[in-house]
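Structure record follows, encoded as structure tokens.
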Amino acid sequence: MPPLPLAKILNVALPSLSGEARAVVDVLACKNGLLPAAGDVATFVGLRTRHQVARTLRRASLPPLEELAGWTRLFYWVLQSEQTGASLLALARESHIEPATCYRLVRRLMGQPWSHVRRGGIAGAILRFRTIWKDIGMHELALRPYMQAAARRTGSFVARAARAPAIEPLPPPPPRKPRGVLGARLQIGGYPFDVSVTPDGTGWLTRTHAAVLQRVRLEPLSEMNAIPVGVAPTRIVLAPSGDRAWVTNQFTKDVAVVDLVWGRRTGSIAMEGDPLGAGLSPDGRILYVTTNLDRLCACALSDNSGRVVRSVALPQACAELAVHPAGNRVYVPTWKAGGILELDARSLATLRYYELGGQPLGIALSRDGLRLYSGNERGWLDLVHLPTGQIVRRKFATPADEVALTPDQSVVYASLRTAGQVAMLDAHTLECVGTLEPGGLPRHIAFDKLGSLAIVANEAGWVDVVR
């Protein structure tokens, strides 16, 4: 009997897989990651040889079969630990594998000991897998460990035998959160509205009344170059690599394509109506954009442009939307219409409507895709548990506009714009754990990759760094 929970989780986590690649993953999920003979896998999925299996995995940007089986085995262990509380020692004995081998496999794949991996749960394990094998080219990644190993051993970048020993990666720092203390402030005009931080720690601001995208150094906080992008730039969406951005321009009816490395606008996507909010699919191929014509548009992206391939009417659009981490759903607040739409990412068909009341505005999704947070201009913040639709509400004495989750997923920041405050809430209970008093009109919030810093755009004419 296949372990249905694991198979379902992998189907959601890897939505772009299809055909033989999906079948290979399903076979490994049914075996709890225990690797059958490569020839047996080929026969099962309708291929002739193990070489065809290897080519299928390469084309899907997946690791080689043995490595993929190791990942699947790790997913099974983490899931079992979550569901039953079983230790890795007990799971190793159940699988008839030497416990030391299991601990080494976990550290090699995750870069962390089992105790840390277990706390991160299945969502953390799958996020690590997708970051490694989906967000960058498979060929480059597959070669890099061998090149680095050869450089350390021989001083050259000549790989050795095809069956070189697996290289244990350096463990990445665990995600953190700021301590919650206001740090430096940078005065900057032009109505700073949205903010994002690239993986290298550079901040980017839309200055709505200055028609530019502003680059900001976070350490020490200082203003750098500005890139003209169009009239009334509103939202910025970064490519996963951090070398490109898309900026919605309300008054030029386009989305600017910006090369952040060269510091210039390189193209645009023409829109019907004024673009407001935007969000990028996990694979970087589709940009979702809301417009003032109360429509949600799906734009197929090319190098320096794109085109609208599908659109759907909304009850009311605003400058907010979010794409599910699995890439299969899009969430759009309907603002004064009082709810949040859940739409199929491919067809844009409405799947569900969350009736929240008030005026839902800023939204954020947890990394595991199970929790949705929504600020409401009528004075509250909602936590929606997506699998069940259950809602937890935290009331304020003032409108709650934008929301953002710390990288460790433990704290929600909510901008209380008219009160000049930013509330910090426990991500699970919505209990208040602190309040920042930046003054002015705080709006969008972003965190650096490690979570040690936050940057808050303030429409009154400055940005603040939170440590």
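Going by what's in this entry, would residue 79 be described as at pLDDT 90 or above, open to solvent by less than 80 Å² (accessible area, probe 1.4 Å) and under 15 Å from residue 33 (Cα atoms)? Here the answer is no, as residue 79 does not meet what is asked. Being hydroxyl-bearing (Ser, Thr, Tyr) and under 17 Å from residue 338 (Cα atoms) is the filter; apply it to segment 361-384 and report the residue that is surrounded by the most Cβ atoms within 10 Å (Cβ to Cβ). Here the residue is 374. Remark: pairs (first residue in segment 258-270, open to solvent by 80 Å² or more (accessible area, probe 1.4 Å); second residue not in a strand (DSSP E or B); Cβ separation under 6 Å; 6+ apart in sequence or on different chains) = 261/243; 265/229.
How do the helices (runs of 4 or more DSSP H) wholly within segment 16-124 filter down when requiring 1 or more residues that are touching a residue at least 40 places away in the same chain (Cβ under 8 Å) and aromatic (Phe, Trp, Tyr): which remain? Fully inside segment 16-124 and qualifying: 65-84. Specify the residue that is least open to solvent (accessible area, probe 1.4 Å); the eligible residues are those in segment 176-218 that are of a type in the set (D, E, K, R) and in contact (Cβ under 8 Å) with a residue 24 or more places away in the chain. Among residues in segment 176-218 that are of a type in the set (D, E, K, R) and in contact (Cβ under 8 Å) with a residue 24 or more places away in the chain, the one least open to solvent (accessible area, probe 1.4 Å) is 194. Does residue 397 meet the test of being surrounded by 14 or more Cβ atoms within 10 Å (Cβ to Cβ) and outside any strand (DSSP E or B)? For residue 397, the condition - surrounded by 14 or more Cβ atoms within 10 Å (Cβ to Cβ) and outside any strand (DSSP E or B) - is not met. For residue 37, the criteria (1) open to solvent by 30 Å² or more (accessible area, probe 1.4 Å); (2) modelled with pLDDT of 85 or more; (3) small (Gly, Ala, Ser) hold in every case but one, which is (2).
Look at (1) free of Cβ contacts under 8 Å to residues at least 24 places away in the same chain; (2) in a strand (DSSP E or B); (3) of a type outside the set (Lys, Arg); (4) under 21 Å from residue 233 (Cβ atoms) and you find that residue 300 fails only one, number (4). Against the numbered list (1) of a type outside the set (A, V, I, L, M, F, W, C); (2) under 22 Å from the mean Cα position of the chain (by Cα); (3) open to solvent by 20 Å² or more (accessible area, probe 1.4 Å); (4) closer than 27 Å to residue 192 by Cα, residue 387 comes up short only at (4).
The values are calculated or read from the model by the stated rules, or taken from the named source; none is laboratory data. In this text, all values refer to a predicted model and were calculated from it rather than measured experimentally. Positions of Cβ are backbone-derived with ideal geometry, glycine not excepted, and every protein chain shown enters the neighbour counts. The area values use the complete protein model at the heavy-atom level, side chains included, leaving out ligands, DNA and RNA. Shrake-Rupley method; radii C 1.70, N 1.55, O 1.52, S 1.80 Å.
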